[in-house]
Structures are given as structure tokens and as C-alpha cells.
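For reference, the structure is listed below as C-alpha cells.
The values are calculated or read from the model by the stated rules, or taken from the named source; none is laboratory data. Fair warning: this is a prediction, and the values are worked out from it, not measured in the lab. Positions of Cβ are backbone-derived with ideal geometry, glycine not excepted, and every protein chain shown enters the neighbour counts. Protein only, heavy atoms only, side chains kept; ligands, DNA and RNA dropped before computing areas. Shrake-Rupley method; radii C 1.70, N 1.55, O 1.52, S 1.80 Å.
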Amino acid sequence: MANISAVGKTAVLSDLLPGSRVRDAILVVGAALLTGAAAQVSFLIPGTPVPVTLQTFAALFAGAALGFPRAFLGMSLYLVLGQLGVPWLAPEGGNATLGYVVGFILAASVVGALSQRGGDRTPLRTIATMALGTLLIYAAGVPWLMVATGSDLGGAIADGMVPFLLADTLKILVAAGVLPLAWKLAGRR
């Protein structure tokens with residue numbers, strides 16, 4: 001296993017694993033599989049067509065752990081295979097949630113790039129990195145929800161963002177505990 005000091009400041013957690021191209025391919029497929037599995041933890045909140053899932057956590061965690069471009073490729077693979085019929089998109093979401101899945105690509109990419117610059121090393125930096133990623137998911141998902149449902153911006157925010165703020169805050173706080181701890185533990189190896 002690689003040493004953190006040998007990997008350098010541009011490292012993400014997955015860079016601590018041995019290997020290169022085969023490792024990267026496995027990590028990309030693994031990110032898509034993780035997000036697909038997280039989508040199956042899904043339930044609707046009354047009054048909104050958008051389900052609560054663990055996908056956002058999976059996408060943001062993949063970004064932090066894999067960095068850019070592996071996170072971009074993993075989320076892109078998740079979207080493409082989902083559109084081709086792999087049954088791993090959130091079962092309750094339908095077309096109304098496609099924008100959020102596109103947002104996973106953007107968010108995982110940005111979170112990955114920030115993590116390569118140390119954005120996941122301390123709790124405060126992790127909170128900022130994950131909050132930005134969450135906002136990017138909303139920035140792609142809410143406009144798509146407007147188009148898919150014919151609602152106005154206020155209605156899309158009320159249906160596609162407000163009900164999820166508490167859960168997404170909890171996901172960010174979990175990441176703020178887990179990622180810096182993982183770095184700390186990896187540094188002791």
C-alpha cells in the first residue's frame with residue numbers, strides 16, 4: 001500500500017490502493033455500482049415526486065474517494081447504464097429525477113477535484129466540499145424537475161430541494177466525520 005507522504009497533496013483515498021489502470025477501472029465500476037445500490041434505499045415523501053435516497057451520499061463520497069476524473073466516469077457510467085435499462089436508478093423517481101442524476105456527475109467531479117486539493121482532509125473543509133457538491137446536485141435537479149413536472153421555480157424548490165435539506169445536511173455531517181477519519185487512519189499505516 002502506498003504511503004500518504006509518497007502519494008502527495010493531489011491524492012485521494014483511492015490513490016492509496018496499489019495498481020493503476022485495472023484499479024481505476026474497478027473503482028469506476030464500483031462507484032456506479034455503489035450509487036445504483038444506494039438508489040435502492042428509496043422512499044417518497046408525500047407531496048413530492050422526488051424520492052429520498054442514499055444516491056447523493058454515494059455520488060459525493062465517490063467524488064471524494066476517487067477524485068476527478070474517476071468520479072466523473074463512475075457517475076457517467078451510472079447514468080448511461082441506467083438510461084440503457086439497468087434497473088438501478090431510484091425506483092420511485094422516474095423522469096422527474098433525471099436532472100439530479102446528471103447533477104451527480106457534476107457534483108462528483110467537483111468534489112473529486114476539491115478532494116485532490118485537500119477538500120476532504122478536515123471536518124470543516126469536508127463540510128464545505130460536500131455542501132458545494134450538494135448545491136450542484138440541486139442546481140441540476142431542480143430545473144429539470146421544473147421541466148419534467150411543469151412547475152415554476154418556487155414549486156420545484158419546494159418539491160425538489162426543501163424536503164431534502166435535513167437529510168442532505170446529515171449526509172454531509174457523516175462525510176465530515178468519515179473522510180477526515182479515514183485520512184487520519186491511513187496516515188497511521
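Would you pick out the residues in the stretch 150-165 that are of a type outside the set (Gly, Ala, Ser) and open to solvent by less than 40 Å² (accessible area, probe 1.4 Å)? Selection gives Phe164 alone. Pairs needed: first member in the stretch 170-189, within 18 Å of Leu54 (Cβ to Cβ); second member anywhere, at pLDDT 90 or above and acidic (Asp, Glu); C-beta distance under 8 Å; at least 6 residues apart or different chains. As it stands, the answer is Ala175/Asp120; Leu179/Asp120, since those pairs meet every condition given.
Per this entry, Val102 is counted among residues that are of a type in the set (Val, Ile, Thr), part of a helix (DSSP H, G or I) and over 24 Å from Ala11 (Cα atoms).
Restricting attention to the stretch 135-159, the residues being in a helix (DSSP H, G or I), more than 20 Å from Phe57 (Cα to Cα) and hydroxyl-bearing (Ser, Thr, Tyr) number 1. The set of residues in the stretch 25-83 that are within 11 Å of the chain's Cα centre (by Cα) and of a type in the set (Ser, Thr, Tyr) comprises Thr35, Thr56.
Would you check which residues across the stretch 111-134 are part of a helix (DSSP H, G or I) and either open to solvent by 50 Å² or more (accessible area, probe 1.4 Å) or farther than 16 Å from Ala71 by Cα (or both) and list them? Hits for the stretch 111-134 are Leu114, Pro123, Leu124, Arg125, Thr126, Ile127, Ala128, Ala131, Leu132.
For Ala186, the test of being at pLDDT below 90, closer than 29 Å to Asn95 by Cβ and among the small types (Gly, Ala, Ser) is failed. When the criteria are applied in full, Ala176 meets the requirement of being at pLDDT below 90, assigned to a helix (DSSP H, G or I) and surrounded by 15 or more Cβ atoms within 10 Å (Cβ to Cβ). Checked against (1) closer than 23 Å to Val147 by Cα; (2) buried (at least 22 other Cβ atoms within 10 Å of the Cβ), Phe61 meets all criteria but (1).
Only one of the listed residues (Thr97, Thr48, Thr35, Thr56) is touching a helix residue (DSSP H, G or I) at 6+ places or on another chain (Cβ under 9 Å), over 21 Å from Thr126 (Cβ atoms), assigned to a helix (DSSP H, G or I) and among the β-branched types (Val, Ile, Thr). That residue is Thr97. Confirm whether Val147 is open to solvent by 50 Å² or more (accessible area, probe 1.4 Å) and either under 12 Å from the mean Cα position of the chain (by Cα) or β-branched (Val, Ile, Thr) (or both). Here the answer is yes, as Val147 does meet what is asked. Condition check for Asp168 on (1) open to solvent by less than 50 Å² (accessible area, probe 1.4 Å); (2) among the charged types (D, E, K, R); (3) under 19 Å from Gly67 (Cβ atoms): one failure, at (3). Of the residues that make up the stretch 2-24, is at least one at pLDDT 90 or above, out of contact with any Lys or Arg (no Cβ under 6 Å at 6 or more places or on another chain) and over 23 Å from Val174 (Cα atoms)? Within the stretch 2-24, none of the residues are at pLDDT 90 or above, out of contact with any Lys or Arg (no Cβ under 6 Å at 6 or more places or on another chain) and over 23 Å from Val174 (Cα atoms).
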